[in-house]
Amino acid sequence: MLAQPEAYIQFTQGLIDETGTVTVPATARFLSDCMSAFHAHIQRHHLRDFRPASVR
């Protein structure tokens, strides 16, 4: 189970530039780590079939 499926950042002027790039290295690392954890979670659980047996 993914412990924290959400991340909060405080938006400040200049945090994200006009091209969508996060300009603060620590924030970019934090967001990258969150996305890496989410990706790993999906990879671990993507084969699970949650449909009821009657519709498989």
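General observations
- Failed condition for V22, given (1) of a type in the set (A, V, I, L, M); (2) under 11 Å from the mean Cα position of the chain (by Cα); (3) modelled with pLDDT of 95 or more: (2)
- Residues (among the hydroxyl-bearing types (S, T, Y) and either open to solvent by 100 Å² or more (accessible area, probe 1.4 Å) or touching a Leu at 6+ places or on another chain (Cβ under 8 Å) (or both)) located in region 23-44: T23, T27
- Residue match in region 10-19 (condition: open to solvent by less than 90 Å² (accessible area, probe 1.4 Å), in a loop (DSSP other than H, G, I, E, B), among the β-branched types (V, I, T) and at pLDDT 75 or above): yes
The values are calculated or read from the model by the stated rules, or taken from the named source; none is laboratory data. Computed from a predicted structure; not experimentally measured. Cβ: placed from backbone, ideal geometry, glycine included. Neighbour counts: every protein chain shown. Quick note on the areas: whole protein, heavy atoms, side chains included, nothing else; ligands and nucleic acids left out. Shrake-Rupley method; radii C 1.70, N 1.55, O 1.52, S 1.80 Å.
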